[in-house]
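Beneath this line is the structure, given in structure tokens, with notes to follow.
The values are calculated or read from the model by the stated rules, or taken from the named source; none is laboratory data. The structure displayed is predicted, hence computed values, not measured ones. Virtual Cβ from ideal backbone geometry, glycine too; neighbours counted across all protein chains shown.
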Amino acid sequence: MTAHDAKAVIFDCDGTLALTANLHFDAFNAALARQGAHMNREWYDARKGLDRNDLITEFSAQHAIELDRARIVADSRAITVERAAHSAVENPPVANLARRLKGTVPIAVGSNAETDVVRAILRGAMLDQLFDVVVTVVEALHPKPSPAIFLLAAERLAVAPNECLVLEDSEQGIEAAIAAGMNVLDVRLPETLSRIDTW
């Protein structure tokens, strides 16, 4: 399925619409540093599709560190929102597709991040005016790989799940889209980026 065949297109935010890995990694480490901890980049990169709570829970468990997880979640979230205005940048092939699709089919964002974080990133990357619907883990309650975020986005767009195309960059997101019965493209693949450049 291409964007032209779909009745609606749903974009993940982090790593798909916007290149934010450095932003999130730095925010997590700034929050962890307040409690004397540090996250390795390779460890983070292998798990960046996780939502914030699951990431910190896994970090704490694997490193056998006693952490105030609620504080790390709150601190990293606040730091991300604060820095997004200067650190969030668009992923050009995907962002340009969203611009081309605006007004031709319904388009949405479906993200594992919190609403204030997603809104700040979209503003920082100057993409906040493009989308008909923005759905986050706060509204859907269950993070990817649960299909809840994508199903709620489809419901709000009034489009059947099997007529939606999802663009994603994580295993959790791809699994969520498949579980929702949607078509999905992995934007980590060069051939995907080449294809969407022509749409």
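Out of the range 146-174, which residues are surrounded by 19 or more Cβ atoms within 10 Å (Cβ to Cβ), free of Cβ contacts under 8 Å to residues at least 60 places away in the same chain and either aromatic (Phe, Trp, Tyr) or not in a loop (DSSP other than H, G, I, E, B) (or both)?
The answer is Ala148, Ile149, Leu151, Leu152, Pro161, Ile174.
If a residue has to be within 21 Å of Ile149 (Cα to Cα) and in the same structural domain as Val138 (by TED's automatic domain parsing) to count, how many in the range 47-96 make the cut?
2
If you scan the range 122-178, which residues turn out to be within 15 Å of the chain's Cα centre (by Cα), within 15 Å of Ala6 (Cα to Cα) and acidic (Asp, Glu)?
none
When the residues of the range 8-49 are filtered to those that are within 25 Å of Gly181 (Cβ to Cβ) and in contact with a Lys or Arg (Cβ under 8 Å, 6 or more places away or on another chain), which remaining residue is surrounded by the fewest Cβ atoms within 10 Å (Cβ to Cβ)?
Among those that are within 25 Å of Gly181 (Cβ to Cβ) and in contact with a Lys or Arg (Cβ under 8 Å, 6 or more places away or on another chain), it is Gly15.
Being surrounded by fewer than 19 Cβ atoms within 10 Å (Cβ to Cβ) and either in a helix (DSSP H, G or I) or touching a Phe, Trp or Tyr at 6+ places or on another chain (Cβ under 8 Å) (or both) is the filter here, so list the residues in the range 50-64 that pass it. Write out each step before concluding.
So the first thing to find is which residues in the range 50-64 are surrounded by fewer than 19 Cβ atoms within 10 Å (Cβ to Cβ), and the list is 53-54, 57-58, 60-64.
Selection gives Asn53, Asp54, Thr57, Glu58, Ser60, Ala61, Gln62.
Taking the range 57-72 on its own, how many of its residues are touching a residue at least 40 places away in the same chain (Cβ under 8 Å) and either among the hydrophobic types (A, V, I, L, M, F, W, C) or in contact with a strand residue (DSSP E or B) (Cβ under 6 Å, 6 or more places away or on another chain) (or both)? I'd like the intermediate steps shown before the answer.
Quick first cut of the range 57-72, residues touching a residue at least 40 places away in the same chain (Cβ under 8 Å) only: 71-72.
Now restrict to residues that are either among the hydrophobic types (A, V, I, L, M, F, W, C) or in contact with a strand residue (DSSP E or B) (Cβ under 6 Å, 6 or more places away or on another chain) (or both): 72.
Number satisfying all stated conditions: 1.
Tell me, please, whether a residue that is in a helix (DSSP H, G or I), crowded, with 20+ Cβ neighbours inside 10 Å and touching a Phe, Trp or Tyr at 6+ places or on another chain (Cβ under 8 Å) can be found in the range 121-142.
Residues of the range 121-142 that are in a helix (DSSP H, G or I), as a first pass: 121-124, 137-140.
Within this subset, residues satisfying the condition of being crowded, with 20+ Cβ neighbours inside 10 Å are 121-122, 124, 137, 140.
Still in the list and also touching a Phe, Trp or Tyr at 6+ places or on another chain (Cβ under 8 Å): 122.
Yes.
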